[in-house]
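The values are calculated or read from the model by the stated rules, or taken from the named source; none is laboratory data. Quick caveat: nothing in here was measured; it's all calculated off a predicted structure. Neighbour counts are summed over all protein chains in view; Cβ atoms, including those assigned to glycine, are modelled from backbone coordinates with ideal geometry. For the accessible areas, the whole protein counts, side chains as well, though only heavy atoms, and no ligand, DNA or RNA atoms are used. Shrake-Rupley method; radii C 1.70, N 1.55, O 1.52, S 1.80 Å.
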Amino acid sequence: MESTLKRTWAEIDLDALAHNYRVLCSRMGPGSRFLGVVKADAYGHGAIQVARTLEELGAACLAVSSLDEARELRSAGVRLPVLQLGITPPEQTDQLLELGVTQTVWSEEAAMAFSREAVRLGKRIKVHIKLDTGMSRLGFPCDEARFAQSAEAVTRSCALPGLEAEGIFTHFSVSDEDDPDSRAYTLLQYERFTTMIRALESRGVRFALRHCANSGAVAGYPRFGGDLFRAGILSYGAGEQAEALGLRPVMALKTVVGAVRELPPDAAVSYGRIYRTTGPCRVGVLPIGYADGLHRSLSNCWRVWTPYGTAPILGRICMDMCMVNLTALPQLREGGEVEVYGPHNSVNEAARLAGTIAYELTCAVSRRVARVYRRGGREVARELLLR
Ligand SMILES: *Cc1c(COP(=O)(O)O)cnc(C)c1O
């Protein structure tokens, strides 16, 4: 761990997480509670520490995307309700029950299978019904042609003896895009969602927890409210709308200048020789590469932030290292810290340059990178996932 901390690490600012929690809750109003999306190791930030912090802050529940992620939270003593957003094989219903995890039900066949297993075990399993209002991923289809059929199927599903249908939800596919076509599509999805809920209510099927707002909707359609909101990326202070909402980046990916080299003019730097020095060049070798999560597509185009200015990445990013230009930053020596992304160096901008989204960059920070948790200006925990 000590050795890793002198190499490359991710600082996780739990005060920024708390700040974002409060900003998002006040944006959504008291009727809509915070559902903490901690799938994918909390988007690379570390699910256990993020979950514990959200639990303390008063979040209503957490969401994961696999049974093993739910087990990790329970093993760490996290007691909040946990919603499994993804597919669990119904034969693992015993584990869902044992861990006290709420399962998403995406079809009548799935509902019957979960109910059958729960009944066999002499129990009832808590579920949230998933509606497909236009994402075409999981859920009972709510387009006009299949609406009536789905209303019947959800009604039958909710009456199954092994299920306790606590919630109902849907997911938007373009709520984070604000061209007119995307806005119309999001409004259509919302209309299908609320119409289905009304149709079910008229059949006497009611849900305690109705939710639809992901980060895009929290930013662009706060009036969609719901009993819960599921702002994943925004709670980590990343994503296109984070800055405008006054949110703070939770992760700072940092590394150090491992070695300094003086290169002559016309030296070819790194694999593929895609960068050549134009004059004498002071180059820093950083112990971070694509195996740490620094996407190779950022080769020759990203830069690291330092207290003296930014240092452009030169040439290809290697598996474990990359090179930066320190010619203009003579103050930066071996051992000096640099920020790969974080509060000074926007992960959103890196994502745009890499042709991807911030989610993929924070999720990519690998298990070789220690997480250092900070709160109130000091370090409160460290984790390294290397076995
Ligand atoms: C991942 C996920 C979210 C969170 O999405 P963000 O864009 O990060 O806010 C919300 N709902 C579901 C169903 C998800 O799978």
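Which of the residues spanning the stretch 79-95 are of a type in the set (S, T, N, Q) and open to solvent by less than 10 Å² (accessible area, probe 1.4 Å)?
Within the stretch 79-95, GLN84, THR88, THR93 qualify.
Of the conditions (1) touching a residue at least 24 places away in the same chain (Cβ under 8 Å); (2) hydrophobic (A, V, I, L, M, F, W, C); (3) within 16 Å of the ligand (Cβ to nearest atom); (4) open to solvent by less than 30 Å² (accessible area, probe 1.4 Å), ALA76 satisfies every one except a single condition; which number is it?
(3)
Run down ARG210, ARG192 and say which single residue is in contact (Cβ under 8 Å) with a residue 60 or more places away in the chain, touching a helix residue (DSSP H, G or I) at 6+ places or on another chain (Cβ under 8 Å) and under 17 Å from THR133 (Cα atoms).
Answer to the check: ARG192.
If you scan the stretch 228-248, which residues turn out to be closer than 12 Å to ASN20 by Cα and within 10 Å of the ligand (Cβ to nearest atom)?
Result: ALA231, GLY232, ILE233, LEU234, SER235, TYR236, ALA238.
Among the residues of the stretch 158-182, which ones are farther than 30 Å from GLY122 by Cβ, more than 16 Å from the ligand (Cβ to nearest atom) and either of a type outside the set (D, E, K, R) or in contact with a Gly (Cβ under 8 Å, 6 or more places away or on another chain) (or both)?
Scanning the stretch 158-182 gives a single hit, PRO180.
Kindly list the number of the only condition in (1) part of a loop (DSSP other than H, G, I, E, B); (2) among the hydroxyl-bearing types (Ser, Thr, Tyr); (3) open to solvent by less than 30 Å² (accessible area, probe 1.4 Å) that fails for TYR373.
Single failed check for TYR373: (1).
Taking interchain pairs and intrachain pairs at least six residues apart, which have beta carbon atoms under 7 angstrom, with the first residue in the stretch 46-72 and more than 18 Å from SER366 (Cα to Cα) and modelled with pLDDT of 95 or more and the second among the aromatic types (Phe, Trp, Tyr) and not in a strand (DSSP E or B)?
LEU54/TYR21; LEU57/TYR21
Anything in the stretch 98-114 that is assigned to a loop (DSSP other than H, G, I, E, B) and either open to solvent by less than 30 Å² (accessible area, probe 1.4 Å) or among the polar types (S, T, N, Q) (or both)? List them, or say none.
Hit for the stretch 98-114 is SER107, nothing else.
Any idea which of ALA10, ALA16, ALA47 is under 16 Å from the mean Cα position of the chain (by Cα) and within 14 Å of the ligand (Cβ to nearest atom)?
Of the residues listed, the single one that is under 16 Å from the mean Cα position of the chain (by Cα) and within 14 Å of the ligand (Cβ to nearest atom) is ALA47.
Under the condition of being over 22 Å from GLY167 (Cα atoms) and under 17 Å from the mean Cα position of the chain (by Cα), which residue from the stretch 52-67 is surrounded by the fewest Cβ atoms within 10 Å (Cβ to Cβ)?
Residue satisfying both the conditions and the ranking: ARG52.
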